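K.L.:
Sharing a structure, written as structure tokens. Questions coming.
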């Protein structure tokens, strides 16, 4: 297949989950023998090497809200390339890939990683009501109608009228060959003999819950546990608040953003990975836990037991007592108690090994791309059978 992947709002290479996702899917499909072209924003370095064809298509002023301005370029490139498939990473202000697919007769695949439908209190709903004709809802629903395949971690976040056979519900993943126990490389933190190192890696946004890890560490210090130390890797709006509270605690290090190619070694040097999501801090999560959390899969691939809140869907990715320890997010002491439980090395070994095995079996990017390939081929076959010959 010849595939054009439109993700102009993602800066590649980058440290965000979206950037990692785009690069992993593009390279994974190319590894399966497909000709893959990607239109993405330029990151802080050269595009990844390999057989994938990368094209710098930055939105004006690098604003994702201006993605649609590049529709003419995408359409012209699609007309020249004549792809069989155009995959578009959905964005509220996107649609250029779906438009190009309609123009050249390619299969449109809409990759949906955040809610298309409105949640209670959604600003999009208020804007649409103010404009009377609801242009935002009508535009995103047009994209859904035109897509021959919708790919998402959670079907609840797309319109209920989309036929189930046109939806591929699938998880993100990890590069299980790179993220593995014992991965070597430069580590931006130290560890003392006898320390148990807890790592958080991800966005410093309220709903990712980094501040909850810092507060759990304060509770451990109050109980006299100085052997458990924490390393927080990443950046975002909450970074200042996290650093401020962490500054008062020994053994809590905030190292800032780290390039994705250094992350395997950073995780392999730790003892457990924490994903302290706060679903109450993000309105769209009222629909359901729609994330397919990259950090969780990379923790597991690295052989780390995962500590996470016991919320629906997340508790299917990480099973309590099997791949990690789940805690009650409504209990202020529960996170620190979960960390303390895994401070015993004997408790960690079997769980870490099971986490690694499950990542290899179910959550590798290679498995993701094989399932995506099969779904795309099935959708192409259906389109060819049902489209009248010209």
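The values are calculated or read from the model by the stated rules, or taken from the named source; none is laboratory data. Everything numeric here is computed off the predicted structure, so don't read it as measured data. Positions of Cβ are generated from backbone atoms using ideal geometry, with glycine treated the same way; all protein chains shown enter the neighbour counts.
K.L.:
Exactly one condition in (1) under 30 Å from residue 159 (Cβ atoms); (2) buried (at least 18 other Cβ atoms within 10 Å of the Cβ) is false for residue 281; which is it?
P.N.:
(2)
K.L.:
Another question, then. I'd like to check which helices (runs of 4 or more DSSP H) are fully inside the stretch 303-390 and have at least 2 residues that are farther than 30 Å from residue 223 by Cβ and in contact (Cβ under 8 Å) with a residue 12 or more places away in the chain. Before you say what the answer is, go through the steps one by one.
P.N.:
Working: elements: 314-317, 334-341, 345-362, 365-386.
Those helices (runs of 4 or more DSSP H) span 345-362, 365-386.
K.L.:
Given the criteria touching a strand residue (DSSP E or B) at 6+ places or on another chain (Cβ under 6 Å), within 21 Å of residue 347 (Cβ to Cβ), crowded, with 18+ Cβ neighbours inside 10 Å and at pLDDT 95 or above, does residue 230 qualify?
P.N.:
In short, yes.
K.L.:
Could you say whether any residue in the stretch 181-194 is crowded, with 17+ Cβ neighbours inside 10 Å and on the phi > 0 side of the Ramachandran plot?
P.N.:
no
K.L.:
Shifting gears a bit: Against the definition (part of a loop (DSSP other than H, G, I, E, B) and at pLDDT 95 or above), how does residue 270 come out, yes or no?
P.N.:
Values: part of a loop (DSSP other than H, G, I, E, B): yes; at pLDDT 95 or above: yes.
Against the criterion (part of a loop (DSSP other than H, G, I, E, B) and at pLDDT 95 or above), residue 270 qualifies.
K.L.:
I'm trying to understand the selection: among the residues of the stretch 152-175, which are in contact (Cβ under 8 Å) with a residue 60 or more places away in the chain and closer than 15 Å to residue 117 by Cα? Lay out the reasoning, then the answer.
P.N.:
Keep residues of the stretch 152-175 that are in contact (Cβ under 8 Å) with a residue 60 or more places away in the chain, which gives 152-154, 156-157, 166, 168, 170-175.
Of everything in the stretch 152-175, those that are in contact (Cβ under 8 Å) with a residue 60 or more places away in the chain and closer than 15 Å to residue 117 by Cα turn out to be 152, 153, 154, 156, 157.
K.L.:
With under 25 Å from residue 167 (Cβ atoms), exposed (fewer than 15 other Cβ atoms within 10 Å of the Cβ) and not assigned by TED's automatic domain parsing to the domain that holds residue 33 as the only criterion, which of 353, 312, 346 stands out?
P.N.:
312 is the lone residue from the list that is under 25 Å from residue 167 (Cβ atoms), exposed (fewer than 15 other Cβ atoms within 10 Å of the Cβ) and not assigned by TED's automatic domain parsing to the domain that holds residue 33.
K.L.:
Hey, could you check the stretch 284-302 for residues that are more than 15 Å from the chain's Cα centre (by Cα) and in a loop (DSSP other than H, G, I, E, B) and say which is surrounded by the fewest Cβ atoms within 10 Å (Cβ to Cβ)?
P.N.:
That would be 287.
K.L.:
On the basis of being out of contact with any strand residue (DSSP E or B) (no Cβ under 8 Å at 6 or more places or on another chain), in a loop (DSSP other than H, G, I, E, B) and in contact (Cβ under 8 Å) with a residue 24 or more places away in the chain, does residue 276 make the cut? Before you say what the answer is, go through the steps one by one.
P.N.:
On the way: out of contact with any strand residue (DSSP E or B) (no Cβ under 8 Å at 6 or more places or on another chain): no; in a loop (DSSP other than H, G, I, E, B): yes; in contact (Cβ under 8 Å) with a residue 24 or more places away in the chain: yes.
No; evaluated as a whole, the condition is false for this residue.
K.L.:
Counting only residues that are buried (at least 19 other Cβ atoms within 10 Å of the Cβ) and modelled with pLDDT of 95 or more, give me the strands (runs of 3 or more DSSP E) lying completely in the stretch 1-116 with at least 3 of them.
P.N.:
2-12, 35-42, 85-89, 107-111
K.L.:
When you go through (1) assigned to a loop (DSSP other than H, G, I, E, B); (2) closer than 24 Å to residue 327 by Cα one by one for residue 237, which number turns out not to apply?
P.N.:
(2)
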